[in-house]
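Data first, discussion second: the structure below is written as structure tokens.
The values are calculated or read from the model by the stated rules, or taken from the named source; none is laboratory data. Worth saying up front: this structure is predicted, and the values here are computed from it rather than measured. FYI the Cβ positions are ideal-geometry reconstructions off the backbone, even for glycines, and counts take in every protein chain you see. Surface areas here come from the heavy atoms of the whole protein model, side chains and all, with no ligands, DNA or RNA. Shrake-Rupley method; radii C 1.70, N 1.55, O 1.52, S 1.80 Å.
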Amino acid sequence: MSAAIKPRPSKIDGSRRWSDQSDEQLLLAYRNGKGARPFEELVHRYERELFQYLQRYLADAALAEDAFQATFLQVHLKQEQFEEGRRFRPWLYTIATHQAIDAQRRNKRHRIASLDHSPGSRNSSGDTGSLIELLLSHEPAAVTNVEEEERRTWIRGAVDQLPEQYRRTVILIYYQGLKYRETAEALGIPVGTVKSRMHAAIEKLLEAWDQTHSPDND
């Protein structure tokens, strides 16, 4: 009698946890009826990051929580629209941004996002610290912690005053760590437009910095 043929292991079995899967694999697994665990893993994976983005965007924890819940509800409702080969993260940020805008409209106000620096910011992709370095690259002298915090406060206020399209781009790139292409996908605009908006935003910040920190204003 021939040896029994062992069943071929599934792509995801007990030896390979859901946490080992990519975002795209998780969403496709959820869409293909693998139960709630893939979806729960996605929520867990983006819980902190996405909530921080929405809170910065909306400057209101309650609105951010509502937008967060609405975002993943839309992920569930639109799962069939997600195409294989597409990246999940910029798609998620597209949905989250739309939900944030809807939350502002429902609340009948447009509050400028608070860009408070948090310890969890992504230093490798650009955060408040790197934005400071970009603005102050011509000032090599060391600064004290107090001066550093004053500069962070100034930057928050200056970014608050940027036109909305520039402010969104700065938030996604410098505070959420998205790459230019991911930001373009999230905002539904060409990569070249993202780069031009970032250039314009930095120019405006540099101009504002020079105006408020020139020797004549000391």
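Overview of values
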| read-out | value |
| --- | --- |
| Qualifying positions in region 19-51 - in contact with a helix residue (DSSP H, G or I) (Cβ under 7 Å, 6 or more places away or on another chain), over 19 Å from TYR93 (Cα atoms) and either aliphatic (A, V, I, L, M) or at pLDDT below 85 (or both) | SER19, ALA29 |
| Complete set of residues in region 76-90 that are under 20 Å from ALA184 (Cβ atoms) and assigned to a helix (DSSP H, G or I) | GLN81, PHE88, ARG89, PRO90 |
| Candidates ASP60, ASP13 - the one that is modelled with pLDDT under 90, within 22 Å of the chain's Cα centre (by Cα) and acidic (Asp, Glu) | ASP60 |
| Filter result for ALA186 (free of Cβ contacts under 8 Å to residues at least 60 places away in the same chain and under 24 Å from ALA59 (Cβ atoms)) | no |
| Of all residues making up region 178-208, the number that are open to solvent by 10 Å² or more (accessible area, probe 1.4 Å) and closer than 12 Å to PRO90 by Cβ | 9 |
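Every residue, every condition in (1) open to solvent by 30 Å² or more (accessible area, probe 1.4 Å); (2) free of Cβ contacts under 8 Å to residues at least 40 places away in the same chain, yes or no:
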residue	(1), (2)
GLN52	yes, no
ALA67	no, yes
PHE82	no, no
ARG105	yes, yes
